[in-house]
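Here's the structure, in structure tokens; my notes come after.
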Amino acid sequence: MKLKPLAGLLGMLLVTSPAYALTEVDTELQLLMDVSGSVTASEFNLQLQGYVDAFYSQAVQDAILDTSDGKLGSIAVQMVMWSGSTQQAVMTDWFHLYDMTSINNFAATLDALVRPYAGMTAPGSAMTFGGLQFDTNDFTAARQVMDVSGDGIQNNGLDTATVRDQLLASGIDTINGITIGQDYPDGVLQDWYLNNIAGGEDAFVINATTFADFGSALELKLAAEIEGGIIPEGALAAPIEEIPLAAQLLLGMPLLLAWRYQRQTQGRPQQTNWQQTPAIG
């Protein structure tokens with residue numbers, strides 16, 4: 001994570017945290033995949049296949065393994081599936097992708113995942129859950145990137161824009177979005193993601209018109225955000241908002257306290273074998 005003004009406060013409050021060796025990578029990338037009830041079984045399969053195909057693709061593999069300009073040629077990636085306010089599941093904990101074999105193994109792991117939920121739509125709660133996972137992994141990187149997919153506007157859970165601001169204040173570098181806008185008038189869902197989810201350095205939202213188009217849009221998105229500094233063709237750049245230091249301290253505190261509570265009482269999140277649940281909305 002890049003040094004932020006909040007880092008001094010974090011240093012003071014986290015001095016009692018245990019020290020352990022971290023593996024350095026270019027990017028810590030978290031994939032937050034919407035599995036709410038508006039996503040049908042066939043649409044879930046198309047969405048998941050899009051992730052699988054993207055990590056098998058040459059463009060994404062080249063971006064991960066790029067060693068130009070001092071890059072290490074490796075990333076850490078985690079997949080979280082989400083739905084309602086209390087429905088978030090770590091489906092694959094942090095994978096270290098550093099060669100063709102590790103990337104292909106990750107893609108194969110994604111291919112075997114089973115849907116855990118089919119409830120309401122709470123991206124803000126999912127992002128809060130996701131933000132806590134960065135501080136409990138075994139990696140360190142110049143960039144921490146959160147990648148949120150979705151086919152609908154929030155109807156449950158924490159306020160998404162507030163959570164977005166808290167995450168950026170707490171040190172997440174970039175939050176990007178990929179929308180599947182087939183259930184909305186043209187541009188409506190993408191605009192909502194721009195105003196409520198996307199933020200940070202080089203942040204953007206790319207839209208897939210339907211779930212059938214998701215895979216190609218996702219490949220562009222992943223390659224761009226792994227490379228860094230790129231807004232892919234067809235994507236919209238998120239508005240740039242400078243958050244004053246005082247606001248960073250206030251916004252970042254809830255997630256910091258939640259992090260310390262989780263660290264002390266729960267430890268690392270564990271992967272679970274999930275059973276599919278019926279859709280409720």
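What is the Cα radius of gyration of the range 23-80 over 2.2 N^0.38 Å, N being its residue count?
Rg over 2.2 N^0.38 Å, computed on Cα atoms: 1.38.
How would you order 177-190, 212-225 from highest to lowest mean count of nearby Cβ atoms within 10 Å?
My ranking of the peptides, most packed first, is 212-225, 177-190.
How far is it, in nm, from the label point at Ala59 to the one at Ser216 when both lie 7 Å from their Cα along the line to the Cβ?
1.0
Highest mean first, what order results for 135-141, 158-164 on Cβ atoms within 10 Å?
My ranking of the peptides, most packed first, is 158-164, 135-141.
Let me check I've understood the local charge: for Ser36, count other residues with C-beta under 13 angstrom from its C-beta, Lys and Arg +1, Asp and Glu -1. What total comes out?
-3
Every number here is computed from the coordinates shown, using simple stated rules; none is lab data. The model shown is predicted, which means the values in this text are computed figures rather than measured ones. Cβ atoms come from the backbone with ideal geometry, glycine included; neighbour counts cover every protein chain shown.
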